[in-house]
1. Could you work out the Kirkwood radius for the stretch 227-280, taking every pair of different alpha carbons, averaging 1/r and inverting it, reported in Å?
2. Whole-Hz Karplus ³J(HN,Hα) for the stretch 64-81, in order, using 6.51 cos²θ - 1.76 cosθ + 1.60 and θ = phi - 60°, x for Gly and Pro?
3. Please calculate how many Å² of accessible area the stretch 163-222 carries per residue, with a 1.4 Å probe and no DNA, RNA or ligand atoms counted.
4. In a GNM of the chain with a 10 Å cut-off on Cα contacts, which of Leu144, Leu269, Leu25 has the highest mean-square fluctuation?
5. Projected onto the charge dipole of the chain (+1 at Lys/Arg Cβ, -1 at Asp/Glu Cβ, origin at the Cα centre), which of Val69, Tyr193, Gln265 gives the Cα projection farthest towards the positive end?
6. If I compute solvent accessible area with a 1.4 Å probe over the protein chains, what percent of it on the chain is carbon and sulfur?
7. Nearest 20 debye, what's the magnitude of the dipole of the chain about its Cα centre given +1 on Lys and Arg Cβ and -1 on Asp and Glu Cβ?
8. Identify the residues of the stretch 122-164 with backbone N under 18 Å of a label point that sits 7 angstrom from the Cα of Glu259 along the Cα-to-Cβ direction, or state none.
Amino acid sequence: MVFAFVLANRHLSHGDVAPPAEQRLAALQKELDSLIGLHSVKATIREIQAYAYIQKKRSAHQLASDPVVLHTIFVGNPGTGKTTVARLLSRMLAEMGVLEKGHTVEVERADLVAEYIGQTAHRTREVIRKAMGGLLFVDEAYSLARGGERDFGKEAIDTLVKAMEDYRGTFVVVLAGYPEPMRAFLRTNPGLYSRFPLMVEFPDYSDIELFKIAESMFAQRQYTLTKGARRKLADLIRRMRHRDPISFGNARTVRNIVEKTIRVQAVRLMAKQNVTVQELMTILEEDITGTPVRGTNYW
């Protein structure tokens with residue numbers, strides 16, 4: 001763990017208090033480790049941290065070192081934690097001194113691509129300016145190439161690539177998207193491979209992991225589930241995930257289930273007089289429904 005590297009390097013004696021930056025880095029690492037599942041993702045993020053830290057140390061000792069280029073591609077289905085991990089990574093790199101600020105600027109095609117010639121480059125440069133010192137997260141990045149050679153999305157890509165060369169080490173770019181569209185996107189622009197040396201694959205959550213995520217969401221909102229509610233919730237997640245695994249939204253869909261359940265519980269309690277604190281906190285089996293809400297895939 002990078003935090004261990006930092007402490008070892010400083011030779012802290014017993015009773016010393018770690019500086020605030022090291023404490024914040026440790027807290028961020030704990031937050032990453034607390035995420036349910038994502039074991040391979042966590043391992044890759046640790047490798048990225050360790051690599052950046054060691055290259056900086058080698059450079060400080062006048063040893064041969066590679067430039068710290070951390071532009072990354074995140075590949076995964078919806079709701080697999082790509083945005084959450086990107087935000088944590090940016091803050092971690094700031095605490096390590098790799099990035100100046102550590103903020104995350106999140107954009108999609110509409111934030112970069114304009115309707116008229118010349119406007120896209122200006123719009124993209126403005127987004128890049130806001131991302132300086134932090135991380136630029138481009139969601140559904142493959143959409144920048146969906147219109148072919150004459151589409152202004154190509155201008156956004158070219159502007160972004162030029163900024164990555166001109167401001168090397170000043171900010172980090174993460175291109176994110178669903179697996180197959182991202183692979184097709186990279187095949188249409190082979191030059192991106194060399195500019196994005198890191199690829200992190202976000203796997204779909206298992207049924208058990210999705211259930212744990214739901215439990216965590218309920219707990220954060222101070223709700224508890226009865227045994228019957230737990231069984232029904234687990235069965236509902238399993239059925240929804242296996243019914244349409246391609247478009248299933250992983251943690252995003254689980255969040256919708258949780259929010260729908262809380263609304264159903266609220267309607268049930270509205271009909272009661274003198275609702276107790278325990279009733280306000282308890283989710284019953286009848287509160288968990290499989291009724292879809294119009295306008296979404298599931299809820």
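The values are calculated or read from the model by the stated rules, or taken from the named source; none is laboratory data. Quick caveat, the model's predicted, so the values are computed rather than measured. Note: ideal-geometry Cβ built from the backbone for every residue, glycine included; neighbour counts use all protein chains shown. Each accessible area value is taken on the protein alone, full model and side chains, heavy atoms only, with ligands, DNA and RNA left out. Shrake-Rupley method; radii C 1.70, N 1.55, O 1.52, S 1.80 Å.
1. 12.8 Å
2. 4, 9, 7, x, 7, 10, 10, 4, 9, 10, 9, 10, x, 6, x, x, 9, x
3. In whole numbers, the stretch 163-222 has 51 Å² accessible per residue.
4. Of Leu144, Leu269, Leu25, the most mobile in the Gaussian network model is Leu269.
5. It is Gln265, whose Cα lies furthest towards the positive end.
6. Ligands and nucleic acids excluded, carbon and sulfur give 52 percent.
7. The dipole magnitude comes to about 420 debye.
8. Taking a point 7 Å out along Cα→Cβ of Glu259, no residue of the stretch 122-164 has its backbone N under 18 Å.
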